[in-house]
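The values are calculated or read from the model by the stated rules, or taken from the named source; none is laboratory data. Only a predicted model underlies this, so the values are computations on that prediction, with no experimental measurement involved. Cβ placement follows ideal geometry from the backbone for every residue including glycine, while neighbour counts extend to all protein chains displayed. The accessibility values were calculated without ligands, DNA or RNA, using every heavy atom of the protein model including side chains. Shrake-Rupley method; radii C 1.70, N 1.55, O 1.52, S 1.80 Å.
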Amino acid sequence: MEINNAYLDEVYARVCARNAGEKEFLQAVKEVFTTLIPVVEKRPDIVESGVIEQIVEPERFIQFRVAWLDDNGKMQINRGFRVQYNSAIGPYKGGLRLHPSVCSSVIKFLGFEQIFKNSLTGLPMGGGKGGSDFDPKGKSDAEVMRFCQAFMTELFKYIGPNEDVPAGDIGVGAREIGYLFGQYKRITGDFSGVLTGKGLTYGGSLVRKQATGYGLCYFTNNMLKAKNDSFKGKTVVISGSGNVAIYACEKSTQLGAKVVAMSDSNGYIYDADGIKLDVVKAIKEGRRGRIKEYIDAVPTATYTDGCRGIWNIKCDIALPCATQNEIDEADAKKLIANGVKYVCEGANMPSTIEAINAFLSAGVYFGPAKAANAGGVATSGLEMSQNSIRLSWTAEEVDQKLEGIMKSIYDNASKAAKEYATEDNLVAGANIAGFLKVAEAMMAQGAL
Ligand code: NDP
């Protein structure tokens, strides 16, 4: 077995047997377990407490039917999910994803990762995740609204501001959060901070929309600083062109870098002069169009079909911000051959285990998603705080707190890496720092 620790191998074998065929979930567990070997060796109390066996098993996994009427009056059926993975350090917290690829494996991998990510933020949030195999592409506004209402008509039973607070993820932005919030309030009569990512007119936080992308760049900036380096003059490639990618592009550019490529699931654009973000925003945030429309506005740029080709482009910094497993070993080797120095993950689990190993052995400084993209959920935590105290902070206040949180996540991951693994191994550092806090809380609460 590949983990090379008798105890972890045994637990992992049980996880495999119990979750057969759930490849994304098993990949996420294996990645964490591989980095927990030094913890298991140094902390027999953790092994004896059974915390590791518990942490891989969700506290609750909810699956439900979502029936909604399309614009032709025809009944459509989707599958809805919510995993309430771990509540040791706070109410469950994690996004909702609407994408045809959503299934129990994807939801469980995302929920499992969320436990450690939320722990790293230093805020009191447990791990959860949810979503549906509903595909928002090509649906009218009215269809998206009816779907969201049907979805919430079931989900409302399981969530609440002190129990479980969902947010956005792929396919869920301000429009969807608005429809979901409206339905929750309609059914329960309760106006509360039950969702984050809300509009600014009804309890949302300034900077929440920008938070994951900005936070990713703040985290990358800490990595750069540790090497006496900076964003200034760097060439950056960003995959995706959704919420995370757009604001990663904005902040990288503000910090002095040139972003030359972005993508969607159909293909990628290359603009040697630097991506004009206002054009991307008009296409993606404005009319929900396709990235290839960029070349209509910027004819000097090029568009290439197929999203993976983006990793052939020479860059100093790569920020994968689209989806899971979008960089495999071959993509990693292309980036390394082209001289990439920093890879920092905006998406969840965008690099396969083999790709991560390739980066680490080539000396590429690698920022793992759990730490690097935690700015979104951290700012969701700040939205919850503002809802609780019924006050709104200014954009500057929220942005400053976000930057401070990203620095402390970097410091904690880096410290744990030095203590338990090798100095630059932030994958191990983030997993271990995130895990230890949750493990201590579980043991203190009688997790036997
Ligand atoms: P969006 O829906 O706003 O954008 C997703 C982007 O990724 C789109 O450009 C989309 O292209 C592309 N994409 C999605 N699926 C695939 C696929 N299978 N292959 C290739 N490209 C794909 O989502 P977000 O920007 O919110 O999320 C992006 C990533 O960041 C996800 O991994 C998410 O879990 C993670 N994340 C998001 C947070 C947030 O606050 N929103 C917080 C932390 C992590 P297309 O339009 O063609 O589908």
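Where Rh denotes the Kirkwood radius from the mean inverse Cα pair distance, what is Rg over Rh for the range 283-330?
Working: Rg = 12.8 Å, Rh = 12.9 Å.
Over the Cα atoms of the range 283-330, Rg/Rh equals 0.99.
What whole number of Å gives the distance from the Cα centroid of the range 1-65 to the Cα centroid of the range 261-283?
Taking the Cα centre of the range 1-65 as reference, the centre of the range 261-283 is 39 Å away.
Would you mind calculating the gained length between Asp305 and Asn338 on full extension (0.36 nm times residue separation, minus the Cα-Cα distance), in nm to one decimal?
Stretched out fully, the Asp305 to Asn338 stretch lengthens by 9.8 nm.
Taking H as built 1.01 Å from N, whose amide H comes closer than 5 Å to the amide H of Val172, not counting residues under 5 places away?
Close amide H contacts, sequence-distant or interchain: Leu98.
Taking square-rooted eigenvalues a ≥ b ≥ c of the alpha carbon gyration tensor, is the range 145-224 rounded, prolate or oblate, where a/c under 1.5 means rounded and, failing that, a/b exceeding b/c means prolate? Walk me through the numbers on the way to the answer.
Numbers: a/c = 2.35, a/b = 2.20, b/c = 1.07.
Judged from the Cα gyration tensor, the range 145-224 comes out prolate (a/c at least 1.5, a/b above b/c).
What 222 nm value per residue comes from the helices of the chain, counting each DSSP H run with n ≥ 4 as -39,500 (n - 2.57) and dividing by all residues, nearest 500 deg cm²/dmol?
Roughly -14500 deg cm²/dmol at 222 nm, from the helical runs in the chain.
Would you kindly compute the Cα radius of gyration of the range 321-387 and its largest Cα-Cα separation (Dmax), both in Å?
So, for the range 321-387, Rg and Dmax equal 14.2, 48 Å respectively.
At 1.4 Å probe size, with no ligands or nucleic acids counted, give the accessible surface of Asp278 in Å², nearest ten.
110 Å²
Top to bottom by accessible area (1.4 Å), largest first, where do Arg146, Arg79 land?
Numbers: Arg146 70, Arg79 120 Å².
I get Arg79, Arg146, largest accessible area first.
So what is the orientation-averaged projected area of the chain, using the convex hull of its C-alpha atoms, in nm²?
Working: hull surface 82.1 nm².
Dividing the Cα hull surface by four gives the mean projection, 20.5 nm².
Beyond a 23 Å Cα-Cα separation, which of these cross-linked pairs lie in this structure: Lys139/Lys251; Lys281/Lys407; Lys30/Lys234; Lys209/Lys370; Lys23/Lys129; Lys93/Lys185?
Values: Lys139/Lys251 31 Å; Lys281/Lys407 28 Å; Lys30/Lys234 33 Å; Lys209/Lys370 18 Å; Lys23/Lys129 17 Å; Lys93/Lys185 19 Å.
Going by Cα-Cα distance, Lys139/Lys251; Lys281/Lys407; Lys30/Lys234 fall outside the 23 Å limit.
If I model a spin label at Asp328 and Lys314 as a point 7 Å from the Cα along the Cα→Cβ vector, what separation in nanometres do I get?
2.7 nm
Tell me, what % of the accessible area of the range 89-216 is carbon and sulfur with a 1.4 angstrom probe?
Details: 2150 of 3910 Å².
It is 55 percent, rounded to a whole number.
Antiparallel as a % of all DSSP beta bridges within the range 234-381, to the nearest 5? The partial results should precede the final answer.
Working: 7 of 20 bridges.
Bridges in the range 234-381 that DSSP calls antiparallel: roughly 35 percent.
Take the chain, connect every pair of alpha-carbon atoms lying under 10 Å apart with a spring to form a Gaussian network, then pick out the residue of Gly171, Gly95, Gly21 with the largest mean-square fluctuation.
Gly21
Accessible area per residue of the chain at 1.4 Å probe, in Å²? Walk me through the intermediate numbers first.
On the way: 17390 Å² over 448 residues.
Value for the chain: 39 Å² per residue.
What percent of all Cα-Cα pairs in the range 1-56 falls in each 10 Å bin, counting up from 0?
Whole-percent P(r) values from 0 Å outward: 24, 60, 16, 0.
First measure r as the distance between the Cβ atoms of Asn357 and Lys276, then evaluate 1/(1 + (r/R0)^6) with R0 = 30 Å and state the FRET efficiency to the nearest 0.05.
Numbers: r = 36 Å, r/R0 = 1.21.
Here the calculated transfer efficiency is 0.25.
Which whole number in µm²/s is D for the range 37-127 by Stokes-Einstein, with the Kirkwood Rh taken over Cα pairs at 37 °C and 0.692 mPa s? Don't jump to the answer; show the numbers that get you there.
Working: Rh = 15.2 Å.
Estimated diffusion coefficient is 216 µm²/s.
Report D for the range 50-207 in µm² per second (integer): Stokes-Einstein, Kirkwood Rh on Cα pairs, 4 °C, 1.567 mPa s. It would help to have the intermediate numbers written out before the result.
On the way: Rh = 15.7 Å.
Estimated diffusion coefficient is 82 µm²/s.
Highest first, please rank the peptides 215-221, 411-417, 280-286 by the mean number of other Cβ atoms sitting within 10 Å of their residues. Could the numbers behind the result be given before it?
Numbers: 215-221: 28.0, 411-417: 20.7, 280-286: 17.9.
Taking the mean over residues of other Cβ atoms within 10 Å, the ranking is 215-221, 411-417, 280-286.
How much accessible area does Trp393 have with a 1.4 Å probe, in Å² rounded to the nearest 10?
The value for Trp393 is about 50 Å².
When DSSP assigns beta bridges and you keep just the ones with both residues in the chain, what percent turn out antiparallel, to the nearest 5?
Values: 25 of 47 bridges.
Of those bridges, close to 55 percent are antiparallel.
Taking N as the number of residues in the range 199-291, what value does Rg over Cα atoms divided by 2.2 N^0.38 Å take? All intermediate terms of the calculation are to be shown ahead of the outcome.
Working: Rg = 13.9 Å, N = 93, 2.2 N^0.38 = 12.3 Å.
Here the answer is 1.13, to two decimals.
Principal axis extents for the range 277-371, Cα atoms only, whole Å, descending order, please.
The Cα atoms of the range 277-371 stretch 41, 26, 19 Å along the principal axes, largest first.
Out of every Cα-Cα pair in the range 335-445, what percent are more than 24 Å apart? The partial results should precede the final answer.
On the way: 2213 of 6105 pairs.
Value for the range 335-445: 36 percent of Cα pairs lie more than 24 Å apart.
Given a Förster distance of 22 Å, report the FRET efficiency between Lys23 and Glu53 from their Cβ-Cβ distance, rounded to the nearest 0.05.
On the way: r = 21 Å, r/R0 = 0.96.
With R0 = 22 Å, the Cβ-Cβ based efficiency is 0.55.
Which sequence of Lys251, Lys139 reflects their accessible areas, 1.4 Å probe, from the largest down?
Lys139, Lys251
Sort Phe156, Phe147 by accessible area with a 1.4 Å probe, largest first.
Numbers: Phe156 60, Phe147 0 Å².
From most exposed to least exposed: Phe156, Phe147.
List, in order, the whole-Hz ³J(HN,Hα) value for each residue of the range 113-128 obtained from phi through the Karplus relation with A = 6.51, B = -1.76, C = 1.60 and θ = phi - 60°; use x for Gly and Pro.
4, 4, 4, 6, 4, 5, 4, 4, 5, x, 9, x, 9, x, x, x
If one computes the Cα centroid of the range 308-364 and of the range 165-209, what distance in Å separates the two points?
33 Å
Excluding Gln386 itself, what net charge comes from residues whose Cβ is under 12 Å from its Cβ, given Lys and Arg +1 and Asp and Glu -1? Don't skip to the end; give the middle numbers.
Working: positive: Lys198, Arg208, Arg390, Lys401; negative: Glu383, Glu397.
My count for the surroundings of Gln386 gives +2.
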